[in-house]
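The values are calculated or read from the model by the stated rules, or taken from the named source; none is laboratory data. Please read all numbers here as calculations on a predicted model, not as lab measurements. Glycine also receives a Cβ, built like all others from the backbone with ideal geometry; neighbour counts cover every protein chain displayed. The protein model used for the area step is the full one, side chains on, heavy atoms only, and it has no ligands, DNA or RNA in it. Shrake-Rupley method; radii C 1.70, N 1.55, O 1.52, S 1.80 Å.
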Amino acid sequence: MGPTPEDRELTDTLVGLSRLLEGVKATESRRLGLTPQQAELLCVIEPGERTHGELASLLHCDKTNITGLVGRLERRALVRRQAAPTDRRVTHVALTDEGAALMARFRDAVTTAVAEPFTAWPADSRATLTRLARTATELLADEQDRAAGVTRAATRS
């Protein structure tokens with residue numbers, strides 16, 4: 001049995017929401033002089049250091065793409081690379097102070113752009129939307145991890 005009309009509606013709604021959110025992030029990244037890809041890379045580095053392999057996995061791309069993105073961000077002094085202390089073949093990427101400040105501005109701009117339309121909603125409706133969105137995000141992330149054969153700890157901090 002194929003997808004139900006309800007399945008299609010859910011999928012279309014979530015894909016549409018994703019598209020709109022990506023548009024917000026693209027607009028705000030460009031305002032800060034970043035490409036959307038550079039902003040996304042900085043977002044996944046933000047919690048701490050990441051290896052090129054981790055970044056490629058989190059961004060669903062090849063390590064060669066990461067090398068170029070990291071190089072451009074390093075030239076702008078937004079990230080720094082350093083060899084892992086236990087294995088010099090492994091390179092860790094972390095935000096510089098300038099990169100962290102730019103990410104804070106990016107997150108604030110995205111938060112304002114996304115949250116603003118919902119300010120007229122009652123607090124309980126906003127809380128419900130937040131809870132449902134968090135649950136959906138975790139469910140889809142777990143499913144994606146399972147399909148890729150990785151554990152949550154390996155891909156998220």
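Take the range 118-141 and flag every residue that is open to solvent by less than 90 Å² (accessible area, probe 1.4 Å) and touching a Leu at 6+ places or on another chain (Cβ under 8 Å).
Listed by number, the residues that qualify are 118, 136.
Can you tell me which residues in the range 1-36 are touching a residue at least 24 places away in the same chain (Cβ under 8 Å), more than 15 Å from the chain's Cα centre (by Cα) and in a loop (DSSP other than H, G, I, E, B)?
Residue satisfying the conditions is 32 alone.
With the condition kept exactly as written, say whether any residue in the range 83-90 is surrounded by fewer than 15 Cβ atoms within 10 Å (Cβ to Cβ) and within 20 Å of residue 22 (Cβ to Cβ).
No, the range 83-90 has no match at all.
Can you tell which of 94, 39, 115 is open to solvent by less than 40 Å² (accessible area, probe 1.4 Å), within 14 Å of the chain's Cα centre (by Cα) and either among the polar types (S, T, N, Q) or closer than 30 Å to residue 130 by Cα (or both)?
Residue meeting the stated conditions: 39.
Pick out the one residue from 88, 80 that is part of a strand (DSSP E or B) and of a type outside the set (Gly, Ala, Ser).
80
Here are some conditions: (1) of a type in the set (A, V, I, L, M, F, W, C); (2) under 25 Å from residue 39 (Cα atoms); (3) modelled with pLDDT under 95. Residue 147 meets all but one. Which one does it not meet?
The number of the failed condition is (2).
Looking only at the range 42-67, which residues are among the small types (Gly, Ala, Ser) and surrounded by 13 or more Cβ atoms within 10 Å (Cβ to Cβ)?
56, 57
Quickly run through the range 42-55 and pick out the residues that are of a type in the set (Gly, Ala, Ser) and either outside any helix (DSSP H, G or I) or under 12 Å from the mean Cα position of the chain (by Cα) (or both).
48
Please state which of the following conditions residue 106 fails to meet, knowing it meets all the rest: (1) closer than 23 Å to residue 15 by Cβ; (2) of a type in the set (Phe, Trp, Tyr); (3) touching a residue at least 12 places away in the same chain (Cβ under 8 Å).
Residue 106 satisfies every listed condition except (1).
Picking from 20, 14, which residue would you name as being of a type outside the set (S, T, N, Q), farther than 24 Å from residue 104 by Cα and open to solvent by 40 Å² or more (accessible area, probe 1.4 Å)?
Going through 20, 14 in turn, the sole match is 14.
When residue 77 is evaluated against the numbered criteria (1) open to solvent by less than 40 Å² (accessible area, probe 1.4 Å); (2) without any contact (Cβ under 8 Å) to a residue 40 or more places away in the chain; (3) hydrophobic (A, V, I, L, M, F, W, C), which criterion, by number, is the only one it fails?
So the condition that residue 77 fails would be (1).
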